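Reading through the structure tokens given below for one structure.
The values are calculated or read from the model by the stated rules, or taken from the named source; none is laboratory data. On a predicted model such as this, the values are computed, not experimentally measured, just so you know. Don't worry about glycine lacking a Cβ; one is built from the backbone with ideal geometry, like all the others, and counts go over all protein chains shown.
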Amino acid sequence: MTEVVCHEYQKVGKNHIDHSFLVDIGDEIEILQVMEYKWKVIDSVILKAPHPKTRYFELVINEFRDKESSLIDDLQVYPVFASRSPDFRILGLTLKQGDWHITERIYKKANTTEIQWIYTDDFHLFAIIHAQDPLDVMVDQIVGKIDEIATSIKTGYRVYSHMENQRMRREAFDAVMENQSGITINKTAVLKHPEFQLIAEIGESDRKKMQDEILRDLVALSGTLDTFGGFNKVVAKIEIPVETDINNQISHIEELQDLDWLFE
């Protein structure tokens, strides 16, 4: 049975409290880990066996609390190694139970890589979605999710993590596209403009060349890369000369709006 065996907390600010819940799932399970690379366009790598084993997990919550509300600012779940000191007993009677101690988190972080539990993303998303739940409700939900994952691993029908599900969907999509076009898709750009129905490899030099050609034919006094660039931006303002065919200029603007994706 999965349960919380220890809860520690301390106030770290006027309205912030750090909580640490130690969760025991009852039996050891293998902890699959994922290595994430920083500042590189590389898929995360799931580490191969042997996998560390543990039965303990630490639920870390940063709570914002005032007189009227309680919100969860951050939440993480780490598999950990933990131990408990002996009970204090006299004449067969337990006067004080032993304290729990988390000795190590199964987690590593370096300048270029971070090794985490494979289900870390699931709990991060879970916390954001239910950030306004009361603390006790949040803890019950997370303990239930840990129990679900642990049970699936024990029975041999493992629940896939969010990251694994995303990867499988992407691989399935790439396989379908490869079968249809005969082209192996890696770093591709799909040109969605009605005049361009193709899938092509586009490098930085090719992208720059295409942008230069479009801007060269643009008849606009104040049009710049900043005007049309950025994430999901559209053309906001273009000054049109007085002695200009308005219909022709409108045509240019509509075409430029259609090609806005080139500057993302």
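Is the range 59-79 home to any residue that is acidic (Asp, Glu) and loosely packed, with under 12 Cβ neighbours inside 10 Å?
Yes, the range 59-79 contains a residue that is acidic (Asp, Glu) and loosely packed, with under 12 Cβ neighbours inside 10 Å.
Considering each residue of the range 21-40, count those that are at pLDDT 95 or above and aromatic (Phe, Trp, Tyr), and give that number.
1
Within the bounds of the range 133-145, is there any residue that is hydrophobic (A, V, I, L, M, F, W, C), modelled with pLDDT under 85, surrounded by 11 or more Cβ atoms within 10 Å (Cβ to Cβ) and over 25 Å from Glu36 (Cα atoms)? Steps first, please.
Restricting attention to the range 133-145, the residues satisfying the condition of being hydrophobic (A, V, I, L, M, F, W, C) are 135, 137-139, 142-143.
Restricting the remaining residues to those that are modelled with pLDDT under 85 gives none.
No, every residue in the range 133-145 fails to be hydrophobic (A, V, I, L, M, F, W, C), modelled with pLDDT under 85, surrounded by 11 or more Cβ atoms within 10 Å (Cβ to Cβ) and over 25 Å from Glu36 (Cα atoms).
Which residues, taken from the range 106-124, are modelled with pLDDT under 90, touching an Asp or Glu at 6+ places or on another chain (Cβ under 9 Å) and more than 23 Å from Met138 (Cα to Cα)?
If the condition is that a residue be modelled with pLDDT under 90, touching an Asp or Glu at 6+ places or on another chain (Cβ under 9 Å) and more than 23 Å from Met138 (Cα to Cα), then Thr113, Glu114 are the ones that fit.
For the range 1-28, enumerate the residues that are surrounded by 12 or more Cβ atoms within 10 Å (Cβ to Cβ) and assigned to a loop (DSSP other than H, G, I, E, B).
Thr2, Asn15
Could you check the range 66-184 for helices (runs of 4 or more DSSP H) lying wholly inside it with 2 or more residues that are in the same structural domain as Asp18 (by TED's automatic domain parsing), acidic (Asp, Glu) and touching a His at 6+ places or on another chain (Cβ under 6 Å)? Show your work before the answer.
Working: elements: 120-129, 135-155, 162-181.
Per the criteria, 120-129.
Report yes if Lys14 is free of Cβ contacts under 8 Å to residues at least 40 places away in the same chain, among the basic types (Lys, Arg) and more than 24 Å from Asp121 (Cβ to Cβ), otherwise no. First the steps, then the outcome.
Details: free of Cβ contacts under 8 Å to residues at least 40 places away in the same chain: yes; among the basic types (Lys, Arg): yes; more than 24 Å from Asp121 (Cβ to Cβ): yes.
It is true that Lys14 is free of Cβ contacts under 8 Å to residues at least 40 places away in the same chain, among the basic types (Lys, Arg) and more than 24 Å from Asp121 (Cβ to Cβ).
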